[in-house]
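What follows is a set of notes on a single structure, which appears directly below.
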Amino acid sequence: MIYDATACPQDIAYPTDIGLLDKSREITEAIIDELHAATPQGKKPRTYRQVARKRYLKVAQNKNPSRKVIRKGIRFQLQYLKRNFKTIEKQLDTFTIFPLSHRMQQKYYIIQTVYVQQLAMFEAGSHQVEHRIVNIDQPHIRPIVRGKARAKTEFGAKIHLSLVDGFSFLDTISWDAFNEGSHLTDYVENYKKRFGFYPAKVLADQIYCTRENRKWLKDKNIQLAAKPLGRPSAKAVAYHVRPGERNPIEGKFGQAKNAYGINRIRARLKNTSQSWIASIILVLNLVKLAGMALVCLGFSAWERIKYLCLISLNVIFTYIKSKTQSKWESGLGFITCGV
């Protein structure tokens, strides 16, 4: 049994605080226009949308904006957004029935949450907040800090995979970051539910090899292929760790990302994205089964395929030989005999 986790990034633009606020401001302006069109009484409220857009572009189009410039731009967008909220609340008070559509109402609640989160981070001078929204159209997406050289932070779901004899089992799909090492016992128990017994050996990354997990696996008489604690001897290292033992699951992740696009999920809804990821894992297992089926074909099936191939080649060579009798007779005769 081999365990590992990876992230499945969504196909979204890289989120920035000022970019989220600018899009939220544009949505509030659309809501104001929709409410005013429903009851065109008096003059349309001011939104200063052109000035707000210029202030945003002044920061967004700057290649290397300083921290002071970014904070100033965020402060302006927060002020414009707060002003638009007050305008919308005044407009909604004039209606007896809530006038917004379900989609627009959902976006209105989302951008209110975005405003609260961004205001809290702005006042605290940090970039961390619980359940942080990074995309308005897909509010379920969360940042996953991976610490990789290529992308330190990825935005999407985090999955945990179990690999048994080349077959992949999807244990967890979570939109929030989680510590896979704290769930090792659950994953091993899932193995027992699937196959009826515990695995003889577990290959896992260093994050799984806590003292509690080591003790639990030892009590279950399960061998852990990992570096021992402390300063081990050369014999102990050779017994526990072998070069390339965890390569199959890394290769499985590479196959899923490079060949089947699990590194760029283009679905927009939460359930659809989860189905997309699960379907890719299903395809990985189908490809594995197809490879095994070719090996497991009976002798008669191979003989039948060989017979059909020979007939097809002889028909092709006979046709070509009849067209170019003088030029290719010797060469085609040699090829036909070889076949």
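Every number in this text was worked out from the coordinates using simple rules, so none of it is lab data. This structure is a prediction, so every number in the text was calculated from the model and none was measured. Cβ sites come from the backbone with ideal geometry, for glycine too, and all protein chains shown count toward neighbours.
Laid out as a table, the results:
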quantity: Between segment 79-139 and segment 1-48, the alpha-carbon center distance in angstrom; calculated: 9
quantity: Links that overshoot a 24 Å alpha carbon limit, given the list 82/107; 201/252; 58/158; 63/152; calculated: 58/158
quantity: Within segment 82-146, GluC sites (Glu not before Pro) in DSSP loop having at most 10 other beta-carbon neighbours inside 10 Å; calculated: 130
quantity: Which of 85, 30, 59, positive extreme of dipole for segment 11-124 (C-beta unit charges); calculated: 59
quantity: Residue order, fewest to most beta carbons within 10 Å, for 189, 26; calculated: 189, 26
quantity: Qualifying chymotrypsin sites (Phe, Trp or Tyr not before Pro) in segment 94-129, DSSP loop, other Cβ atoms within 10 Å at most 15; calculated: 95
quantity: For 279, 24, order by how many other beta-carbon atoms lie within 10 Å, fewest first; calculated: 279, 24
quantity: Those aspartates and glutamates that a straight Cα-Cα span of less than 13 Å connects to residue 288, excepting residues fewer than 8 apart in one chain; calculated: 165
quantity: Interchain or long-range residues, amide H under 5 Å from residue 224's placed H; calculated: 202
quantity: Those chymotrypsin sites (Phe, Trp or Tyr not before Pro) in segment 157-205 that DSSP places in a loop and that have at most 14 other beta carbons within 10 Å; calculated: 178, 197
quantity: Cross-link reach list, aspartates and glutamates versus residue 68, counting only Cα pairs under 16 Å and skipping chain neighbours closer than eight places; calculated: 17, 123
